[in-house]
Amino acid sequence: MKRGIALVVLTILFAWQMASSYAIQRFPKPEFESGYITPETLVPNPRAEILEVMDVVVLLLALSVVTWAVLKRRSRNLVFWISVFSLAYFGFYREGCVCSIGAIQNVTLAMFSGSYIIPWTVLVFFMAPLVFTLAFGRTFCAGVCPFGAFQDLISWRPRKIGPQLNAVLGVIPYIYLALAVLYAATKTDFIICRYDPFVGIFRFDATFGMFLFAGILLLSGVFIARPYCRFLCPYGVLLNWISRFSRYHMTITPSVCIQCRLCEDSCPYEVIEKPVTVKNPETRQSIVRKFILIILMIPFFMLLGGWTGSQIHESLAMVNGKVRMANELLHPQKYQGEPESIEMAAFRTSGKPATEIYSEASRIIRQFYIGGWILGGFIGLTIGGLFAGRLTTKYRTDFEPNRGSCFSCNRCVDYCPIKS
Amino acid sequence: MEGQGEEKRINRRKFFRTGAQAGVLVSLGGITALVARKTGSGEFVWQLDPTKCTQCGRCATSCVKNPSAVKCVHVYAMCGYCDLCGGYFLPETKTLNTGAENQLCPTKAIKRTFIEDPFFQYSIDEELCIGCGKCVKGCDAFGNGSLQLQVRQNICDNCNECSIARVCPSDAYSRVPADKPYLLNGFGKEKLDIT
């Protein structure tokens, strides 16, 4: 009994000691006699908000001017100079941040997270190019996006790579977009920012790996025009969808196409579509067969993709720091012999119970299971849509840019002999 | 008849296009409305909470800036002006002088100046500081904890995803409104409101 009381008293005393150890200033600030004045702790301010507002104003102005140059002035020269300006301002001056491409993740996170507060400037950077595209086509890509402008300016010797390879590589942006949305929605990572090849160049501080990636991309960009825009850019996917329904769009000829074929090979991005005249109309039977094939194929690809996504959801979730940590706590034998990670050390010193991290990790893994189905289904839909697009034929009489993938760079306009 | 059919097709296409435009516009508006509720009026910056910080050293190595935008900030109001400073001297130091072999700071960014017996002032040369947090750890362990790591907002690029925040093992980083960018910890749980 006595021992019990003593133990309780000791525990209370010890706990009191622990709690108050923070409250005692170990070495109180001395009273100086020599008239010493304590220096002030300086707290320099961040970049003024007025400059952030200026970014938005410059974005809207650049979008307006480039749209005018593409659709009204029909001038490649002007688009070129706006590209130079955008590269200088949004690229080297603003160091590529904030950009519309990365803003996808902020918007996604704001939609899925209760606590994340998105700066309004980021929302404008995300929305303004989409709205402009709905009205006028992808003029943002033509000369406002610093990444696009950079690649556009260095595509000196563009070579064609053919429609097949174009279509296959064109699937990558969809996968990238799906992954970026998944990782942003689960609060895991902003992969678009993390693997952005240009930011390191704009800031002259790329790591070796990223520098290598950027170097390869830019070098190949001399021969394969705009490799990032065509085969990586996740924002381009959204612009592609919207641009298909745009109210206006740049045209190769200002009036009527005379079928002179001068523009045929002018596009470095291979998006000019040749006329398809109704020479050999399909039979009704073959149309019905194709239709049934498409109807069956797309759900099949979606289910296959979704199932695959759900199967690999644990691997996808391992990118998340909390999941990794829970895994390390659960399977210590796997990590034996390795030095303790900084995360583990920090977790141990924080004194949080392991159950907390387990429940959080299992919640995140559940999110990834659902996300895996959606991600896989989306990729399946993309691939299904690709095949469906190959099967169907669209009839057109003139040389026209593909509205979805045309960057409105206006190169082809210079090849058209009709000037008014 | 043929011409009429052609016209019909064009009309149908036009109708479809207008419908799609309206659809896109509505969904863009929807996303904006959904997200607009969560927009902040001002800008946001990255902030390091010194109470959560474990001085792992990643602030020095993970920042996109070189040297890092994270610096050691001295809250003079909390300093004990000790002769034997846990943030300045290596633990096994015998003689308390400014000899390079005695200093904890790898870049010799802390300046020790004599004030009056037996007190010394310690100030940080931020040009030299790399934000490794070694002095912070020492001051926390043996002193008052007046040395604290903070993101210097005049240097920070304010990346969309802070590359230090991504690897911070103790979740000490968060986005905060730009009008209160610093979180300098006062004594214990009490926070000094320095702006």
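Below is a table of values for the structure above.
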item	result
Dimensionless Rg/Rh of segment A:284-391 - Kirkwood Rh, Rg from C-alpha atoms	1.28
Order of A:ASP189, A:ASP414 - criterion: other Cβ atoms within 10 Å of each residue's Cβ, fewest first	A:ASP414, A:ASP189
Global geometry of segment B:3-62, whether rounded, prolate or oblate, following the gyration tensor of its Cα atoms and the 1.5 cut on a/c	prolate
Under the Karplus curve 6.51 cos²θ - 1.76 cosθ + 1.60, θ = phi - 60°, whole-Hz ³J(HN,Hα) for segment B:73-80, x wherever Gly or Pro sits	10, 9, 8, 4, 4, 9, 6, x
Gap separating the Cα centres of segment A:347-419 and segment B:44-95, nearest whole Å	43
Mean Kyte hydropathy of 1.6 or more with a Cα span along the axis of at least 24 Å, helices from DSSP in chain A	A:49-67
When the convex hull of its Cα atoms is projected in every direction, mean area for chain A (nm²)	33.4
Ascending count of other beta-carbon atoms within 10 Å, so fewest first, for A:MET54, A:MET297	A:MET54, A:MET297
Under 11 Å, Cβ to Cβ, from B:ALA178 - net charge with Lys/Arg +1 and Asp/Glu -1	-1
All Cα pairs of segment A:92-239, percent lying beyond 18 Å	60
Alpha-carbon spread of segment B:54-195, three principal axes, descending order, Å	47, 30, 24
Three semi-axes of the equivalent ellipsoid, segment A:34-126, Cα gyration tensor, whole Å, largest first	37, 21, 10
Estimated [θ] at 222 nm from DSSP helical runs (n ≥ 4, -39500 (n - 2.57)) normalised by residues in chain A, nearest 500	-18500 deg cm²/dmol
For A:ARG390, B:ARG37, A:ARG403, order by how many other beta-carbon atoms lie within 10 Å, fewest first	B:ARG37, A:ARG390, A:ARG403
Per-residue ³J(HN,Hα) for segment B:43-59, Karplus 6.51 cos²θ - 1.76 cosθ + 1.60, θ = phi - 60°, Hz, x for Gly and Pro	8, 10, 10, 7, 10, 9, 8, x, 6, 8, 4, 10, 6, 6, x, 6, 4
All lysines inside 26 Å of B:LYS137 as judged from Cα atoms, apart from same-chain residues fewer than 8 positions distant	A:LYS29, A:LYS322, A:LYS352, B:LYS52, B:LYS65, B:LYS71, B:LYS94, B:LYS108, B:LYS111, B:LYS180, B:LYS189, B:LYS191
Radius, Kirkwood style, for segment A:276-321 when every pair of distinct Cα atoms is counted (Å)	13.9
Segment A:243-329: C-alpha gyration tensor shape, a/c 1.5 cut-off, then a/b vs b/c	oblate
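Read the figures in this text as sums done on the coordinates, not as results from a lab. Note that the structure is a prediction, hence the values are computed from the model and not measured. Glycine gets a Cβ as well: all are built from the backbone with ideal geometry, and neighbour counts include every protein chain shown.
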